[in-house]
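Single-structure report; data block below.
Read-outs throughout are calculated quantities, based only on the coordinates presented, and are distinct from any laboratory measurement. In this text, all values refer to a predicted model and were calculated from it rather than measured experimentally. Glycine also receives a Cβ, built like all others from the backbone with ideal geometry; neighbour counts cover every protein chain displayed.
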Amino acid sequence: MNAPIRLALIGIGKIARDQHLPAIGADPAFELVAAVSRNASVEGVANFPDIAALIASGLAVDAVSICTPPVGRHRIAAAALAAGWHVMLEKPPGATLAEVRALQAGAGGRSLFASWHSRAAAGVAPARAWLAGRQVRSGRIVWREDLRKWHPGQAWILGPGGLGVFDPGINALSILTELLTSLRVDRARLSFPVGRDSPIAAEVMLATGEAMLEADFDFRETGAETWRIELDTDAGRLVLEDGGARCSIDGEAQPLSAAAEYPALYRHFAGLVAAGASDVDLRPLELVADAFMIGERRETAAFDF
Ligand code: NAP
């Protein structure tokens, strides 16, 4: 068995604590050796306020996993690659497309993994297998959640480069790009709260072949939340619910593995490191960029966290 990958976790916030720390702790392929965060710390490992301090410490590190907000992540990832470390990125992989491409170009022999956690949801692989060879005729995506619940006090998310409602919406797009070979934004309408730089809601028409998929992304849901993808095909109807955790075909629930998303992401990262490979798929971020590029913009009520 190979020695564990000595990992530093960077950006100790909600997702680092909720998902990354438990997944790393349960995976023998990794040994958490450091945490890097300006304010937060992790017990039992070396803590550093920024990546420069980690590099300067000379601590033996093989890889970093970056969970900071997208703006500023490029600088951290580039420094880690330059230090000779493998890099795993939370979604979205960056604030712009070009900065992620620059990371790819500069990765050299290190593994760069742009993770899309929703692709590891239990229903996605069976959905993909079922869809192969079928023709999508129409579809509807409803991704409505409560911003205050999932991002308490995270003003960055409605700031420039925070992606707004596309922060969760990109999870749906990461699943769709896994399921469908061609997908493009046909038109979009984006709603920006007064005084904010990223949208709180978006209606997006996506085209796949001749079919149109209607997407409703909304961060203002205070009732029942929905993360649902419905695809009507020439040979039946596929529904993914709970962000891909449940899959039904023509109303019949499909048997699924109990696989959890973040443990699967870390297994994949360990496999990439072992194989000397990278995995960077920018299609979900391209779709978001295109929605910003051609979307109609309108102002909506101010939002306070
Ligand atoms: P978060 O709670 O705000 O945590 C991010 C942490 O990064 C902060 O606590 C902060 O810790 C550090 N940080 C470094 N530079 C920062 C800056 N300029 N502004 C704010 N914080 C900065 O955010 P999160 O919810 O964990 O989300 C982080 C990433 O994970 C995002 O890309 C998001 O899309 C993704 N994600 C989130 C969820 C979720 O449910 N929340 C789910 C899946 C994926 P220090 O102050 O200690 O530096």
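Quick notes on this one:
- Alpha carbon Rg of segment 1-66, scaled by the compact-globule rule 2.2 N^0.38 Å: 1.04
- Under 12 Å, Cβ to Cβ, from Arg298 - net charge with Lys/Arg +1 and Asp/Glu -1: -1
- Relative contact order [Cα under 8 Å, 6+ residues apart], the chain, whole percent: 20
- Between Lys14 and Glu31, the distance separating the two model label sites (each 7 Å from Cα on the Cα→Cβ line) works out to 3.4 nm.
- Short-range pairs are left out: with C-alpha atoms under 8 Å and at least six residues apart, the relative contact order of segment 27-76 is 24 percent.
- Check: the chain dipole with +1 on Lys, Arg Cβ and -1 on Asp, Glu Cβ, in debye: 520
- Extension gain, Asp290 to Thr96, is 68.7 nm, computed as 0.36 nm per intervening residue step minus the present C-alpha separation.
- Beta bridges from DSSP with both residues in the chain: antiparallel share about 50 percent, rounded to the nearest 5.
- Peptide packing for 206-215, 236-245 was compared via the average number of neighbouring C-beta atoms within 10 Å per residue; ordered from the highest value, the list is 236-245, 206-215.
- One chain, two ends: Ser257 and Met212. Fully extended at 0.36 nm per residue, the span grows by 13.1 nm beyond their Cα-Cα distance.
- For the chain, the 222 nm mean residue ellipticity estimated from helices alone, with every DSSP H stretch of n ≥ 4 adding -39500 (n - 2.57) and the total spread over all residues, rounds to -8000 deg cm²/dmol.
- Binned Cα-Cα distances of the chain, short to long, each 10 Å bin given as a whole percent: 6, 27, 34, 24, 9, 1
- For the pair Asp234 and Ala277, label points projected 7 Å from Cα toward Cβ lie 3.1 nm apart.
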